[in-house]
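The numbers here are math on the coordinates, done by the rules we state, and not lab data. The model shown is predicted, which means the values in this text are computed figures rather than measured ones. Backbone-built Cβ (ideal geometry, glycine too); neighbour counts: all protein chains shown.
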């Protein structure tokens, strides 16, 4: 028997250990991959890669390797070369000729990742081992109609989707043999048909509790429009709703009814900021139940789930997104779409025939926008994904848009807006006026203006600006500071305190100075907001924190300019674009969707490159696909610098635990709540100045407790001035 897997059971003699034959494994993987690939009409393709992927295990060397290393047969002969994945790739080429360009790389990379074409071609020159059984049942492969006219930017996604089907099927069949308990848990979930009943019940209860008000009437109109449009043909849609319009619930109404109408399998919601994810996931859990919503991002802590079985079920679901509703980050979604690694690509086939909601779509990074847009077009056209953009500030993604120099954004041909312009939501939901300063001010002048108001929020572009203005405010009432120089635990507790104080009528004076982290996903409400000059999208996000609950007839948002130069890059380009609009359209309605489009056209015209990762060169040539290099290049979050554990709350007790027990995943997850990331220059200054020390390899802690302030967070001299919010 050709062995594929051996399940070591120390309680049994070796001759009684369960053994999975290669034939059984091949059939199991083929069945699953066939099912997965069937979602995009390529069932036979999935079956073929499943049947071929581990043919290399027939090698004598591999059989000796698995028998000896598992201790199943200590008398097995020594081996020289246990590599096996290349064999199936060679057989795919032998049997399918030119079509093997889609098959061989996924088979060869099913353990290590998809190859660059140069390394792939070198592997394909290896000889086929003599002991391999080359007999093959002829499975005819046909190209489905939806894939018969692939564009240059489609090919790599098709290869990666087949790869996703294979690696997920391989993991699942191996798990079925090695850990049957986990395999059983994976099959226990509700479908969207069942969950739609929960949404209807929630909306009915909400309608009974809600008072009749102008805002609630508008929200009802938005929901009705979403319900109407959900019956329309799959494609690209947008839901452009100002702050306070109930965008989250309305998008769910559209998504779940569209999924029912067109038999979509799941709803995936991708969000740029973890703060919004946490809030959105909480809303979804209240509607659908904790067991039906998967929250997947770097800060997810499944230890908060009391039910041990549900906790394990959730952890397993993060591996492949086989769940009815997933809430995740843009980073998790798009870096997976351009990854070459099995662990990241495994989930991708579950995007097929699903509904994808991209929230706050204006935050998509401009330097990666072209490959992102191209990828979305491929998934929509070729793989049955319906895509909804939700935002209060819809960027210019429809049609082509000129960049700087020769740069050009090739956008989406048709995006159907759910809310007709005739509803004029930006007027009906307007809760603040915008006032733009013409002259520049210094820190003292801004602090003096802020001190005239008892309740005021000021949002600035950099950490330094936040600290400078904060230090100049009068010592009266409560003054709070928010920036990424505070660790996540400190930040979340301060935001919770702000919300509590704003509800306390006895708290007369509360002034908050913050960086952009507070602009999205933090539901706070101030009567007056100051925003340092920025792009129109950021200005309107800040304005969304002003008179949010409509307690005043109209709030006031001031946009001010500092004497300090702006950070280069996105912020300076955004300010230039907004300045041009102020000069050319001084009487524009800044809340109107058409004004927002004009802003983004101006912003794009200042963008030199919409494909920083050079994906066009690496992945748009079907016979020269460089999967590995593209994956290394495509990172939405640039280098965050070095992380330092600071002394806040019980962080030092966790540091002692780390020193004694060493790093574990749960412990490092908890420690992450007490970590501040700083620029390399600041990190080196702290380290060489004896203010930080390495406690275990690669993990640093602030050794001088005075360097962390309860008010300002981490204090560094000469620290990097130009913090920008990562888009």
Fill in the blank from the handout: Whole-percent tail of the Cα-Cα distance distribution for the range 349-409, cut at 14 Å, equals 61
Handout entry: Length gained when the stretch residue 134-residue 23 is fully extended (0.36 nm per residue, less Cα-Cα span)
Key = 38.6 nm
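Find, to one decimal place in angstroms, the Kirkwood hydrodynamic radius of the range 431-590, where the mean of 1/r is taken over every pair of different Cα atoms and then inverted. Please list the in-between numbers first.
Values: mean 1/r = 0.0627 Å⁻¹.
Taking every pair of different Cα atoms in the range 431-590, averaging 1/r and inverting gives 16.0 Å.
Take the Cα radius of gyration of the range 535-588 and divide it by 2.2 N^0.38 Å, with N its residue count; two decimals is plenty.
Details: Rg = 13.3 Å, N = 54, 2.2 N^0.38 = 10.0 Å.
Against the empirical 2.2 N^0.38 Å value, I get 1.32 for the range 535-588.
Please list 189-200, 276-287 highest first by mean number of surrounding beta-carbon atoms within 10 Å per residue. Before the final figure, lay out each step's value.
Working: 189-200: 16.1, 276-287: 18.5.
Per-residue Cβ counts within 10 Å, averaged per peptide and sorted highest first, yield 276-287, 189-200.
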Practice task
Be a star and scan the range 664-692 for residues whose amide nitrogen sits under 17 Å from the point 7 Å along the Cα-to-Cβ vector of residue 568.
Solution key: 680-681
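Please report, in whole Å³, the volume per residue of the convex hull around the C-alpha atoms of the range 1-125.
120
What are the semi-axes of the equivalent ellipsoid of the range 63-146, taken as the square roots of 5 times the eigenvalues of the Cα gyration tensor, listed largest first and rounded to whole Å? All intermediate terms of the calculation are to be shown ahead of the outcome.
On the way: eigenvalues 166, 47, 30 Å².
Whole-Å semi-axes of the equivalent ellipsoid: 29, 15, 12.
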Problem - Overall Cα dimensions of the range 571-678 - principal axes, largest extent first, Å - result: 63, 48, 21
Practice task
Describe numerically, in nm with one decimal, the distance between label points set 7 Å from Cα along Cα→Cβ at residue 315 and at residue 212.
Solution key: 5.3
Fill in the blank from the handout: Rounded to the nearest whole number, the per residue volume of the convex hull around the C-alpha atoms of the chain in Å³ is 183
Problem - Ranked packing of 485-498, 170-183, most packed first, by mean Cβ within 10 Å - result: 485-498, 170-183
Completion exercise
Full extension between residue 471 and residue 448 adds, at 0.36 nm per residue less the Cα distance, a length in nm of 7.1 nm
Handout entry: Calculated SAXS-style log₁₀ I(q)/I(0) at q = 0.13, 0.14, 0.20 Å⁻¹ - the range 400-516, Debye, Cα scatterers
Key = -0.77, -0.83, -1.08
Problem - Dimensionless Rg/Rh of the range 563-602 - Kirkwood Rh, Rg from C-alpha atoms - result: 1.02
Handout entry: Anisotropy class of the range 580-625 from Cα gyration tensor, a/c 1.5 cut
Key = prolate
Practice task
Find how much the distance from residue 584 to residue 7 grows on full extension, using 0.36 nm per residue of separation minus their present alpha carbon separation; answer in nm with one decimal.
Solution key: 200.5 nm
Handout entry: Calculated [θ] (222 nm, deg cm²/dmol) that DSSP helices of n ≥ 4 give over the chain, each run adding -39,500 (n - 2.57)
Key = -13000 deg cm²/dmol
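Neighbour counts of other C-beta atoms within 10 Å: give me 251, 422, 70 arranged from fewest to most. Show your work: numbers first, answer last.
Working: 251 26, 422 5, 70 18.
In order of increasing Cβ crowding within 10 Å: 422, 70, 251.
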Fill in the blank from the handout: the range 238-317 and the range 429-487 have their Cα centres apart by a whole-number Å value of 34
Fill in the blank from the handout: Taking a ≥ b ≥ c as the square roots of the eigenvalues of the Cα gyration tensor, with a/c under 1.5 meaning rounded and otherwise prolate when a/b exceeds b/c and oblate if not, the range 471-519 is oblate
Problem - Translational diffusion coefficient (Stokes-Einstein; Kirkwood radius from C-alpha pairs) of the range 295-447 at 25 °C, 0.890 mPa s, in µm²/s - result: 129
Exercise for the section: Within 10 Å, count the other beta carbons around each residue, average over each peptide in 4-17, 589-602, 213-226, and list them highest first. Expected result: 589-602, 213-226, 4-17
Problem - Tail fraction, Cα-Cα pairs, the range 243-376, threshold 26 Å, whole percent - result: 20
Handout entry: Equivalent ellipsoid, the range 192-420 (semi-axes from 5 times Cα gyration tensor eigenvalues, Å)
Key = 27, 24, 16
Problem - Residue exposure sequence - 687, 388 - by fewest surrounding Cβ within 10 Å - result: 687, 388
Practice task
On a C-alpha basis, how far is the centre of the range 165-206 from the centre of the range 514-581 in Å? Whole number, if you could?
Solution key: 41
Practice task
Using only the alpha carbon atoms of the range 149-233, find the Kirkwood hydrodynamic radius as the inverse mean reciprocal pair distance, in angstroms to one decimal.
Solution key: 17.9
Exercise for the section: Report, please, the projected area of the range 517-644 averaged over directions, based on the convex hull of its C-alpha atoms, in nm². Expected result: 11.9
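Determine one quarter of the surface area of the Cα convex hull of the range 642-714, which equals its mean projected area, and express it in nm² to one decimal. Can you show the working numbers first?
On the way: hull surface 18.5 nm².
The Cα convex hull of the range 642-714, projected and averaged over all directions, gives 4.6 nm².
Hey, fewest Cβ within 10 Å first, where do 390, 580, 243 land in order? Please list the in-between numbers first.
Numbers: 390 24, 580 16, 243 20.
By the 10 Å Cβ count, ascending, the order reads 580, 243, 390.
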